[in-house]
Structures are given as structure tokens and as C-alpha cells.
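The structure appears right after this line, and notes come after that.
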Amino acid sequence: MRRRRWPLLTVLAFGYAFLYVPILLLILYSFNESRLVTVWTGFSTKWYVELFRNKQLLDAAWLSVRIAAVNATLAVVLGTLAANALVRHGTFRGRTGFELLLTAPLVMPDVIIGLSLLLLFVAMQQTIGWPDGRGFTTITIAHVTFSMAYVAVVVRARLSQMDRSLEEAAMDLGARPLRVYLAITLPLIAPALLSGWLLAFTLSLDDLVIASFVAGPGSTTLPMVIYSSVRMGVSPQINALATIIVAVVTLAVVIAGISMRRGRGA
């Protein structure tokens with residue numbers, strides 16, 4: 001048995017190393033004193049100080065965080081409603097088309113989504129005068145369009161596995177459907193809602209292609225700034241910013257994992 005485990009463990013170790021060693025190197029070189037990110041000259045935190053003086057990078061990061069937070073919240077609301085319609089209402093007229101439209105963003109190329117939304121926003125602006133230019137609103141709408149599909153998949157899986165006997169018992173005792181949903185269903189699917197929120201937040205924060213189509217001149221997101229700066233050479237400030245993002249994401253994943261464990265234990 002031990003001999004059989006060695007090849008599996010070796011492949012697993014190489015897989016984890018391939019994924020996480022570059023991230024560890026990025027974190028390490030964020031404390032590099034040299035301006036060259038590939039030459040280590042000594043430990044320093046000056047790039048973190050320079051990062052907080054870089055207004056362009058901070059503004060782009062703040063814009064991306066705001067868009068990601070609003071997108072994740074709206075995607076959870078819409079994705080949960082869609083999942084409820086598919087799980088709780090059985091077969092209804094137009095179900096096949098609705099399910100197809102909901103899952104299409106999962107497999108459709110980002111270029112197609114971005115271009116189609118750009119044409120839509122331009123046509124709407126010419127017809128009804130809204131949206132007035134492209135920026136925060138258009139990027140958020142574009143991100144909700146595809147991220148709600150991911151949330152719907154996560155919530156739908158949780159709803160399908162949930163025991164409905166508690167809901168039926170509450171309704172037998174006289175509770176109204178809305179009260180049952182708020183007091184019983186939502187707490188039971190809360191881990192899935194949290195996972196969907198984090199997934200939608202990450203997808204929005206990470207998006208470059210779609211945002212490039214629907215963003216205006218004064219609304220540059222963080223991936224767009226990083227992509228444009230990387231073409232000119234990687235700055236150690238980007239390493240510092242990436243390290244902060246990794247720390248925040250790790251903390252969020254740990255909190256989500258603890259919450260999901262408590263939800264399963266309950």
C-alpha cells in the first residue's frame with residue numbers, strides 16, 4: 001500500500017507546488033528592496049509604503065472592490081431566486097429556455113459576453129439615454145450577468161439536497177411560506193449563499209476581458225491597471241498589492257470554511 005501511495009503523493013506534491021510556489025515567491029519578493037522583482041537584494045517594506053502613495057492603483061483597487069461587493073450581493077439575490085424557481089417549482093412553461101439562458105454564461109466566451117453587452121449599452125444610451133456613459137454601473141451589470149449563473153449552480157445544489165420536512169412541519173404548525181423561508185430555509189442554505197457570494201466576488205475582482213469592453217475612460221479596474229503595467233514591466237508595488245489581496249482572500253476562505261462547518265454541525 002505504501003509503495004502505491006508514493007506516486008500519488010509525488011504527483012500531488014508537484015501539483016500543489018505548481019499552483020502555490022509562484023504565489024509564495026510573489027509574496028516573498030513583495031518584501032524585496034530591489035526595484036527588479038527577480039533580483040533579491042535585501043528585506044524591505046518600502047514597496048508597501050509606495051503602494052499606499054500610488055493613487056491610481058489604490059483608486060482602481062477600491063473601484064474593483066466596490067463593483068465586486070455590489071455584484072456579489074446582487075448575484076446572490078438573483079441566483080437564489082433562479083435556483084428556487086428551478087428546484088421548488090418543478091416543471092413550468094419555459095423552464096428549458098430559462099435553464100438554458102441561466103447556464104449559458106458558464107460556457108460562453110468572455111469576449112462574446114463583453115462585446116454583446118457593449119453593443120447593448122450603446123444601443124440603450126442612444127435610445128433611452130441610459131446608461132449615461134460607461135463606468136461603475138455598466139461594469140456591475142456585466143459582472144452580475146455572468147456571476148449570478150455560478151451562484152445559481154451553488155445554491156441549486158444545496159436546495160436539492162435539503163430536507164424539506166422542517167419546512168413542511170413549520171407550515172403544518174401555521175407558519176406562512178415567507179416566514180418559513182426566512183426562518184428555516186435561509187439559515188439552512190446560508191453556507192451556500194456565503195460560498196456563492198465569495199465566488200461571485202472573486203469572479204468580479206478577477207475579470208479583465210468583460211470589464212475592458214464595458215468600462216469607460218474614467219473607470220479603470222484593478223486587473224486593467226495591472227495588465228497595462230505588466231506590459232511595461234512588473235512593479236514591486238503590484239507584488240505588495242497582490243500579497244494584501246492573498247491575505248484578505250485567505251482570511252475570507254477560512255471564515256467561510258468555519259461557517260460551513262458550523263452549518264453542517266447544526
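Where a number appears in this text, it was derived from the coordinates with a stated rule and is not lab data. Because the structure is predicted, anything quoted here is derived from the model rather than measured. Every residue, glycine as well, gets a Cβ built from its backbone with ideal geometry; the counts of neighbours run over all protein chains shown.
So the values come out like this:
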read-out: Single residue of R53, R66, R35 found to be surrounded by fewer than 18 Cβ atoms within 10 Å (Cβ to Cβ) and touching a Pro at 6+ places or on another chain (Cβ under 8 Å); value: R35
read-out: Helices (runs of 4 or more DSSP H) contained in segment 149-241 and holding at least 1 residues more than 30 Å from T45 (Cβ to Cβ) and of a type in the set (K, R); value: 177-180
read-out: Some residue of segment 70-82 being within 28 Å of G216 (Cβ to Cβ), touching a helix residue (DSSP H, G or I) at 6+ places or on another chain (Cβ under 8 Å) and among the hydroxyl-bearing types (S, T, Y); value: yes
read-out: Residue in segment 24-47 that is under 23 Å from the mean Cα position of the chain (by Cα), assigned to a helix (DSSP H, G or I) and farther than 14 Å from S235 by Cα present; value: yes
read-out: Breaking point among (1) surrounded by 12 or more Cβ atoms within 10 Å (Cβ to Cβ); (2) touching a residue at least 40 places away in the same chain (Cβ under 8 Å); (3) more than 19 Å from N84 (Cβ to Cβ), for G218; value: (1)
read-out: Long-range neighbours under 6 Å by Cβ, at least six apart or interchain, first residue of a type in the set (D, E, K, R) within segment 18-42, second surrounded by 14 or more Cβ atoms within 10 Å (Cβ to Cβ); value: E33/S44
read-out: Segment 245-266, subset of a type outside the set (G, A, S) and in contact (Cβ under 8 Å) with a residue 60 or more places away in the chain, residue surrounded by the fewest Cβ atoms within 10 Å (Cβ to Cβ); value: R264
read-out: Residue that is assigned to a helix (DSSP H, G or I), under 20 Å from R158 (Cα atoms) and either touching a residue at least 24 places away in the same chain (Cβ under 8 Å) or hydroxyl-bearing (S, T, Y) (or both), where the choices are L63, L86; value: L86
